[in-house]
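Chemist: Got a structure for you, written out below as structure tokens; questions coming shortly.
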Amino acid sequence: MSLPLFTPPQDYPRLKVVGSFEELVMTPMRDGINALCWPRMLLGDFGEIVEKLEVGRGITSLDEERLLALELSDEGRVAREILLQDQELLRNRELLPSLDCINGYVNDIEPDLLRTDVQSWHVDSATVEADTYLCTYFGAASEGLRNEEAMRRVDVPELRAELRQLYGGGDDVGFREFLNENYLDLHYKPLPHALPFSFGLGHLWRIATLYPESPVPPCIHRAPATLPVQPPRLLLIS
């Protein structure tokens, strides 16, 4: 089994496609580029790994011991080796990858005004220079949204007015701190003409986060909506 080749969204200058892991980690985020993708056609049966894990509802973090304990076919073993190798690549760059099997989310979805879950369009943030690496191997893939096709929910006038009412004060420093402390200023609303794009399966991404003095805007993304008929996702993130 091989995963399909990545087709980048058309006419989107913030996305750069690279040809190797070395290029993925070494290419600077500048000139407006806030997302790098290393497209890959991976062999192996990642679905078999998900099936053999038999995870319950929610997010299950997978360590090397659990992966190696699985009895797999030849195709399954190929997929397992890729999972282990990808984590090793990131660890060698002093990153902390996490491999998760995601079978839905156990937390209730907040109303639109207060949503801060990963299925809401959002950006990642950090206090120092940092990027997010991620790859979906199986299941519904992560999604991206062009910065020019979204606005922060806290900047939508009617939503901001409702948040001010909830805060109980004016549009002052304290209100902005309230938004920041509750991560409300990291979430976005697509504009009516927005065209989200898929991160695809098997491709390793590096996306820009929001941190002080970042030279580029952060990449807007989300986990896909959970549907009852969908199988669990297999996701690497760092």
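The values are calculated or read from the model by the stated rules, or taken from the named source; none is laboratory data. All values derive from a computational prediction rather than experimental measurement. FYI the Cβ positions are ideal-geometry reconstructions off the backbone, even for glycines, and counts take in every protein chain you see. In case anyone asks, the SASA skips ligands and DNA or RNA and just uses the protein heavy atoms, side chains included. Shrake-Rupley method; radii C 1.70, N 1.55, O 1.52, S 1.80 Å.
Chemist: Provide the per residue accessible area, probe 1.4 Å, for the range 48-147, rounded to a whole number of square angstrom.
Modeler: So the range 48-147 comes to 53 Å² accessible per residue, rounded to a whole number.
Chemist: If you build the convex hull over the alpha carbons only and average its shadow over all orientations, what do you get for the range 108-215? Give it in nm² to one decimal.
Modeler: Quarter of the Cα hull surface area: 8.2 nm².
Chemist: If you line up the long axis of helix 157-167 against the longest principal axis of the chain, both from Cα atoms, how many degrees apart are they, to the nearest 10?
Modeler: The helix 157-167 is inclined about 80 degrees to the chain.
Chemist: About its Cα centre, what dipole magnitude does the range 175-231 give when the only charges are +1 on Lys and Arg Cβ and -1 on Asp and Glu Cβ, stated in debye to the nearest 20?
Modeler: Values: 4 positive and 4 negative charges, 51 e Å.
Its charge dipole is roughly 240 debye.
Chemist: Once you charge only the Cβ atoms, +1 for Lys and Arg and -1 for Asp and Glu, what is the size of the charge dipole of the range 25-92 about its Cα centre, to the nearest 20 debye?
Modeler: 360 debye
Chemist: As an exercise, identify the GluC sites (Glu not before Pro) in the range 1-70 lying in DSSP coil whose Cβ has no more than 12 other Cβ atoms within 10 Å.
Modeler: Answer by residue number: GLU54.
Chemist: Which percent, to the nearest 5, of DSSP beta bridges fully inside the chain are antiparallel?
Modeler: Percent antiparallel among DSSP bridges in the chain is about 90.
Chemist: Expressed as a whole percentage, what fraction of the accessible surface of the range 94-209 belongs to carbon and sulfur atoms when a 1.4 Å probe is rolled over the protein heavy atoms?
Modeler: The C+S portion of the solvent-accessible surface of the range 94-209 is 52 percent.
Chemist: For ALA150, which sequence-distant residues (separation of 5 or more, or a different chain) have an amide H within less than 5 Å of its own amide H, given hydrogens modelled in the peptide plane?
Modeler: Those qualifying (amide H under 5 Å, at least 5 residues apart or on another chain) are LEU191.
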